[in-house]
Amino acid sequence: MSAARRAKAVAAILLPPLGAAIVGILIWESIARGLAIPAYLLPPPSAVAAAAFANAGPLASACLTTSLTALAGFVASAVFGVVTAFVLASSRLVERAFYPYALILQTVPIVAIAPLLVLWFGVGPRAVAASAFIVSVFPVITNTLAGVRAVDPSLRDLFKLYGASHAQVLVKLELPHALPNITTGLRIACGLAVIGAIVGELVAGFAEGSPGLGIVVMTAYRQLRTDLLFAAVLASAFVGIAMFVGISTLSAVALRRYERNN
């Protein structure tokens, strides 16, 4: 693909959302100023931008703190989720016995169990990372399990016919076949990890170092600094998008290698 075609392809992807964002910002600014809405209820985008610029240092530090804890929870959920899915796929009895408990992790509100995380892990990043892990692990388990279960039974029979060991079936058949599902689960989980980290910060706070975005949101809310609150929310969205783009890029590379080898 030529450079001109790449530029057109990138423009076709980026211009529509950028245009929609610009229109939305202009409408938001017009409504906030035209209706003279109090700034503590709905600050105009210009005020949010000014607050973000004035607090660029603390916001950047908070982004880094939240990103690290979210990434730690995400990595833990990726490893644990994939391993758990393959264990569940090894036996229908094991799946029926333990899969409902994986479902419980998805259905129990993280806000309800976040205080327990503080009791178990203490105030600080460990409790926040645990919150991110609990929120993000279920999509990894379900998508990986679906990928393993979708392996063609005739291929399994062929591997058995040639005397392949369980480890060889796992590495050469099940894992490559489930890779597209695994990457889908990881893309879902990375965004959920950011949500879990921020919720964990709202409850667990921080013991040392820089506060995360959840603490910035809560502090701005208590001070009725709605402009800073909006800036922190937008910063958290940026963290989630950055993680999603990173994981999507790595997933695309892994899938291309998988397709090339098959």
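Only one of the listed residues (V135, V79, V111) is closer than 30 Å to S210 by Cβ, without any contact (Cβ under 8 Å) to a residue 12 or more places away in the chain and part of a helix (DSSP H, G or I). That residue is V79. The listed residues are A127, A85, and the only one of them that is aliphatic (A, V, I, L, M) and closer than 24 Å to R257 by Cα turns out to be A85.
Matching residues to (1) crowded, with 17+ Cβ neighbours inside 10 Å; (2) of a type in the set (A, V, I, L, M, F, W, C); (3) farther than 15 Å from R225 by Cα:
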| position | (1), (2), (3) |
| --- | --- |
| A20 | no, yes, yes |
| G24 | no, no, yes |
| A49 | no, yes, no |
| C63 | yes, yes, yes |
| A70 | yes, yes, yes |
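Within the range 19-44, being more than 30 Å from R222 (Cβ to Cβ) and either at pLDDT 85 or above or assigned by TED's automatic domain parsing to the domain that holds L229 (or both) holds for A20, I22, V23, L26. For the range 149-164, taking the residues that are within 36 Å of the chain's Cα centre (by Cα) and surrounded by fewer than 10 Cβ atoms within 10 Å (Cβ to Cβ), the one that is nearest to S91 (Cα to Cα) is identified as P153.
On inspection, I247 qualifies as among the β-branched types (V, I, T) and surrounded by fewer than 21 Cβ atoms within 10 Å (Cβ to Cβ). Return a yes/no flag: does the range 111-127 have any residue that is surrounded by fewer than 14 Cβ atoms within 10 Å (Cβ to Cβ), modelled with pLDDT of 80 or more and closer than 25 Å to L229 by Cα. Checking the range 111-127: at least one residue is surrounded by fewer than 14 Cβ atoms within 10 Å (Cβ to Cβ), modelled with pLDDT of 80 or more and closer than 25 Å to L229 by Cα. When the residues of the range 29-47 are filtered to those that are crowded, with 17+ Cβ neighbours inside 10 Å and either hydroxyl-bearing (S, T, Y) or free of Cβ contacts under 8 Å to residues at least 40 places away in the same chain (or both), the one that is nearest to L234 (Cα to Cα) is P45.
The values are calculated or read from the model by the stated rules, or taken from the named source; none is laboratory data. As the structure is a prediction and not an experimental result, all values here were calculated from the model. Note that we place each Cβ from the backbone using ideal geometry, even for glycine, and neighbour counts take in every protein chain shown.
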